[in-house]
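S.K.: Encoded as structure tokens, here's the structure I'll be asking about.
The values are calculated or read from the model by the stated rules, or taken from the named source; none is laboratory data. Since the structure is predicted, the reported quantities are computational estimates derived from the model, not experimental observations. All Cβ positions, glycine included, derive from the backbone under ideal geometry; neighbour counts span all protein chains shown.
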Amino acid sequence: MKTKRSRLILRTSLLLIMALAVAYALYLNFFTEKIRVQPGDPAPDFVLENMEGKEVQLSELKGKGVFLNFWGTWCKPCEKEMPFMERQYNYFKNQGVEVLAVNIGESDVAIETFAKRYGLTFPILKDKKSVVTETYDITPIPTTFLIDKNGIVTKVITGSMTERDISNYMEEIKP
């Protein structure tokens, strides 16, 4: 009799804890406001490691225009626009424009294979724990943020871009 009562109390307690956890998760998703980075906002600073293991901090690029692109190796539109980004990076890098390509949570092997296949030379940063991806509230990829020389977001582009688009955007953020 006592064992039956103890199990009932334990089961009820566990059920109550699970119900509270679900309620809290729903509350966070539906009733708390996410801060989306929008044009006119200062770009949230971050530090990520590049493929060589060196830390790169966004705020250290003040004075340059930054083409901040979030991508994945499995993303077909990302795959299509990467060669365009590479060509435009080579054209604009000596004009004060920096490309930062933030990979979302993939292995070094996958990223390196992709970069070699397309001959990518611009900085590729690894967001292994998706901290920066969450900070910038990235949902679809590719998503690109244009950041001016003062560290202010001037435009947010979601979806695929043509080479002409990329060239025009880099021209916009050129200091």
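S.K.: List, please: which pairs have Cβ atoms under 8 Å, are six or more places apart or on different chains, and start with a residue in segment 44-58 that is assigned by TED's automatic domain parsing to the domain that holds Thr135 and at pLDDT below 95 and end with one that is of a type in the set (Gly, Ala, Ser) and assigned to a loop (DSSP other than H, G, I, E, B)?
M.R.: Within 8 Å, no pair qualifies.
S.K.: Quick test for you: out of Phe122, Phe84, Phe114, Phe92, pick the one residue that is among the aromatic types (Phe, Trp, Tyr) and out of contact with any helix residue (DSSP H, G or I) (no Cβ under 7 Å at 6 or more places or on another chain). Show your work before the answer.
M.R.: On the way: Phe122 fails: out of contact with any helix residue (DSSP H, G or I) (no Cβ under 7 Å at 6 or more places or on another chain); Phe84 fails: out of contact with any helix residue (DSSP H, G or I) (no Cβ under 7 Å at 6 or more places or on another chain); Phe92 fails: out of contact with any helix residue (DSSP H, G or I) (no Cβ under 7 Å at 6 or more places or on another chain).
The match here is Phe114.
S.K.: How many residues are free of Cβ contacts under 8 Å to residues at least 60 places away in the same chain, crowded, with 20+ Cβ neighbours inside 10 Å and among the aromatic types (Phe, Trp, Tyr) if we restrict to segment 98-153?
M.R.: 1
S.K.: Does Gln38 meet the test of being at pLDDT below 95 and within 29 Å of Tyr169 (Cβ to Cβ)? Outline the logic, then answer.
M.R.: Values: at pLDDT below 95: yes; within 29 Å of Tyr169 (Cβ to Cβ): yes.
Taking the combined requirement at face value, the residue satisfies it.
S.K.: Which residues, taken from segment 108-153, are small (Gly, Ala, Ser) and either at pLDDT 95 or above or under 19 Å from Glu171 (Cβ atoms) (or both)? If you could, list the steps in order and put the result at the bottom.
M.R.: Initially, segment 108-153 is screened for residues small (Gly, Ala, Ser), giving 110, 115, 119, 130, 151.
Residues satisfying the conditions are Ala110, Ala115, Gly119, Gly151.
S.K.: Are any residues in segment 47-71 in a loop (DSSP other than H, G, I, E, B) and buried (at least 19 other Cβ atoms within 10 Å of the Cβ), and if so, which ones? Spell out the reasoning first.
M.R.: Filtering segment 47-71 down to residues in a loop (DSSP other than H, G, I, E, B) leaves 51-54, 62-64.
Residue satisfying the conditions is Lys64 alone.
S.K.: Among the numbered criteria (1) closer than 16 Å to Phe70 by Cβ; (2) over 14 Å from the mean Cα position of the chain (by Cα); (3) of a type in the set (S, T, N, Q), which single criterion is violated by Thr158?
M.R.: All conditions pass for Thr158, except number (2).
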